[in-house]
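Comments concern the structure below.
The values are calculated or read from the model by the stated rules, or taken from the named source; none is laboratory data. Only a predicted model underlies this, so the values are computations on that prediction, with no experimental measurement involved. FYI the Cβ positions are ideal-geometry reconstructions off the backbone, even for glycines, and counts take in every protein chain you see. Each accessible area value is taken on the protein alone, full model and side chains, heavy atoms only, with ligands, DNA and RNA left out. Shrake-Rupley method; radii C 1.70, N 1.55, O 1.52, S 1.80 Å.
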Amino acid sequence: MKFLQLTLFLMFAQAVYAEDGSRLWLRYQENSSRAEVICKHKITPTIAVAKQELESNWKGRKIYLQILSSKKTSPHPDDSFSIISKANEIVISSISEVGLLYGAYHLLRLQETAQLTDNVNISETPKYNLRILNHWDNLDGTVERGYAGGSLWQWNELPENLSPRYRQYARANASIGINGTVVNNVNASPNILTTHYLQKVKALADVFRPYGIKIYISVNFSSPAIIGGLPTSDPLNSETIAWWHSKVAEIYTIIPDFGGFLVKANSEGQPGPQDFGRTHADGANMLAAALKKHGGIVMWRAFVYNPTAGDRAKQAFDEFTPLDGLFADNVIVQVKNGPIDFQPREPFNPLFGGLKKTLIMPELQITQEYLGQSKHLVFLAPMWQDFFESDTYCNGQGSLIKTITTNQKINAIAGVANIGEDANWCGSHFAQANWYAFGRMAWNPNLTAEQIADEWLAQTFIPDKNFTSPATDIMLQSWEACINYMMPLGLHHLFAWEHHYGPQPWCDIPDAREDWLPKYYHRADSAGLGFDRTTSGSNAVAQYHSPLREQFDDIKTCPEKYALWFHHLKWNDTLYTESAQKSSCYFENGSESAPQNFTLWEALCYHYNYGVAQVRQMQKTWQQCGQMIDTERFVRVQSGLKTQARDAMWWRDACLLYFQTFSKQQIPFNMEQPVYELEDLKKINLGNGSLN
Ligand code: GCW
């Protein structure tokens, strides 16, 4: 009998506490009796959420929720809040309801991360007004570059049936300050604009509204012709214009607080204004005019490149800078962080600092398309921190990206979501940290990766330094590790065809677009390696402001991390900078035998091996600290790290053995030697994703 009771108890406990990650970072221990929360204002749906979260989860003094009268000093002050403690109470105040909600989540975060002190006096204002997720979710339920199962949106069941996950999704976003979501893929189906689908979108908007989240949609530029039956979608044609005006009016009748459109035009086969001999500005302004009177915006993507010869890294700049100043004031040009495409590491996109009279917003990729997808533990906040802190020099020294993109009339930022229908939302436990980090940095890009890792770990696992501090180390070195084992020294796009998971630097597809093949980017030959973007090459360096352009142009001053991004170096050229300093970190025979300077070939061997060593170290650290948490998540992460360690060796061997066919040099004896044969690696079919 006792045994049966125990078994039942264990089964029950397991069912209640399945550690599948579904609770994300919101793992509050509910109060047995409700906390005292007083609000003298009308309890609107948003205030009700704030109140309920605090009543259930706050474990301290009485709380007052207070709406202040607005001074209307800026167009977007709404989300700010303050939290002030008095002797027996805490007052959260804001001029908006959603500000109170953000204040509530902030206070709970302080509680959960053990950062609460007796005297609280906090004032928070987000740096970006619009903090938006971009879902690349298709209407057929698939997700482009999604690694966490199918789409969260059950289009077939909407609008009648509302999955409970919609509310959980909104709650998670609100808890980190995200206030907008583009629900469908930028490779947009025109059908999203049909009344049938707009009703479904409305149902989602209704769920998200109390959480302060606005809905946006991606639109297909040819919608007037495809679903409207017009002979053209030319943005200067009066019928086209009328169609968009009436479509937008319809949307606002259905969803009165609709946010606006996101558009991918004339890129990778998507239609756009250039199909009709018009410019991006013509296209964007036409849509903007339709949205303007309703308060909507257009986010017009700058991710464009033609299959023509030339340097792909230069194309967006070349296409958009002549249009600077021509965009309407409710158009924001949405620019990926780097000039190519979410590679493990890119220098910043020169459109930041290049467009001076146009609203511009960064697009970051949370889903790890090119960083091991949901299989590798790669924390992206260090990359984003690096990006935000990049100095564009557009108005002299100190023109940091985080400064110039948060001092505009509308300050916005987008992150391509990594969310799917998997129980744990993101496909792996640590991938959730990237969703979390995006929200936190969109609120405040001055937060450091370390702070964010630490607070995420404390909430998601345990607020114990013995755990969070080594686990933070893992997270903080994971991005560099990934760069090292995948494509160090400025290499980029060595990925397998279309799949973007494993290495295929040799990839050659007959008739494929040249700029979709790794060879276009690495340019390996018997002389050396790398893409010459100097003044004697493609001259992409000229797109940067001085002194960056001169710095990048000269290999002696070009940061080593961008060496092969900007230069075609010879195999025996000497690299003077960081490799040599790091040489003592990883050598089988210890630092004494390490050379003071590396040749390019040696540096390459060193970095690939160092990347593998870093993952092995991540495994050890996890072994040390991970056992402090529940077994289920410990084991899952442990197993993920095994995959990552094997994949790191696969990457190292594939790239080194392939480049060796050009360098014709041995891998230095004091470094680890390959474990695979190049010919075997070439046979891997990436249909199944990995070596395993
Ligand atoms: O990174 C590339 C992806 C495409 C994506 C495109 C884009 C949505 O491989 O899948 O399409 O970028 O950003 O438009």
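Just so you know, in segment 545-580 the residues that are in a helix (DSSP H, G or I) and in contact with a strand residue (DSSP E or B) (Cβ under 9 Å, 6 or more places away or on another chain) include one that is modelled with the lowest pLDDT, and it is 580.
Yes or no: residue 185 in contact (Cβ under 8 Å) with a residue 24 or more places away in the chain, in the same structural domain as residue 423 (by TED's automatic domain parsing) and under 16 Å from residue 26 (Cβ atoms)? Answer is no for this residue.
Checked against the criterion of being outside any loop (DSSP other than H, G, I, E, B), more than 16 Å from the ligand (Cβ to nearest atom) and open to solvent by 30 Å² or more (accessible area, probe 1.4 Å), the candidates 123, 93 yield just one match: 123. Selection of helices (runs of 4 or more DSSP H) fully inside segment 160-254 by the criterion of at least 3 residues being open to solvent by 10 Å² or more (accessible area, probe 1.4 Å) returns 164-175, 195-208, 238-254.
When the residues of segment 355-373 are filtered to those that are charged (D, E, K, R) and more than 14 Å from the chain's Cα centre (by Cα), the one that is surrounded by the most Cβ atoms within 10 Å (Cβ to Cβ) is 356.
Regarding segment 446-467, can at least one residue be identified that is touching a residue at least 12 places away in the same chain (Cβ under 8 Å), farther than 30 Å from residue 79 by Cα and assigned to a helix (DSSP H, G or I)? Checked segment 446-467: at least one residue is touching a residue at least 12 places away in the same chain (Cβ under 8 Å), farther than 30 Å from residue 79 by Cα and assigned to a helix (DSSP H, G or I).
Of all residues in segment 296-331, those satisfying the criterion of being within 16 Å of the ligand (Cβ to nearest atom), among the aliphatic types (A, V, I, L, M) and in contact (Cβ under 8 Å) with a residue 60 or more places away in the chain are 299, 313.
Within the bounds of segment 602-610, is there any residue that is at pLDDT below 95, touching a strand residue (DSSP E or B) at 6+ places or on another chain (Cβ under 8 Å) and open to solvent by 10 Å² or more (accessible area, probe 1.4 Å)? The answer is no, given that none of the residues of segment 602-610 is at pLDDT below 95, touching a strand residue (DSSP E or B) at 6+ places or on another chain (Cβ under 8 Å) and open to solvent by 10 Å² or more (accessible area, probe 1.4 Å). Just so you know, in segment 344-354 the residues that are open to solvent by less than 10 Å² (accessible area, probe 1.4 Å) and over 12 Å from residue 313 (Cα atoms) include one that is farthest from the ligand (Cβ to nearest atom), and it is 353.
Mind listing whichever residues of segment 530-547 are buried (at least 20 other Cβ atoms within 10 Å of the Cβ) and under 28 Å from the mean Cα position of the chain (by Cα)? Scanning segment 530-547 gives 530, 531, 533, 540, 541, 543, 544. Out of everything in segment 255-267 that is of a type outside the set (Phe, Trp, Tyr) and more than 16 Å from residue 284 (Cβ to Cβ), what residue ends up being surrounded by the most Cβ atoms within 10 Å (Cβ to Cβ)? Among those that are of a type outside the set (Phe, Trp, Tyr) and more than 16 Å from residue 284 (Cβ to Cβ), it is 255. Of the residues in segment 647-669, at least one is over 15 Å from residue 502 (Cα atoms) and modelled with pLDDT under 95.
Going by what's in this entry, would residue 149 be described as in the same structural domain as residue 402 (by TED's automatic domain parsing), touching a residue at least 24 places away in the same chain (Cβ under 8 Å) and away from the ligand (no atom under 15 Å from the Cβ)? In short, yes. Restricting attention to segment 355-393, which residues are away from the ligand (no atom under 16 Å from the Cβ) and touching a strand residue (DSSP E or B) at 6+ places or on another chain (Cβ under 9 Å)? Listed by number, the residues that qualify are 355, 356, 358, 359, 360, 384, 387, 388, 389, 390, 391, 392. Inside segment 290-314, residues that are closer than 23 Å to residue 219 by Cα and open to solvent by less than 30 Å² (accessible area, probe 1.4 Å) make up a count of 12.
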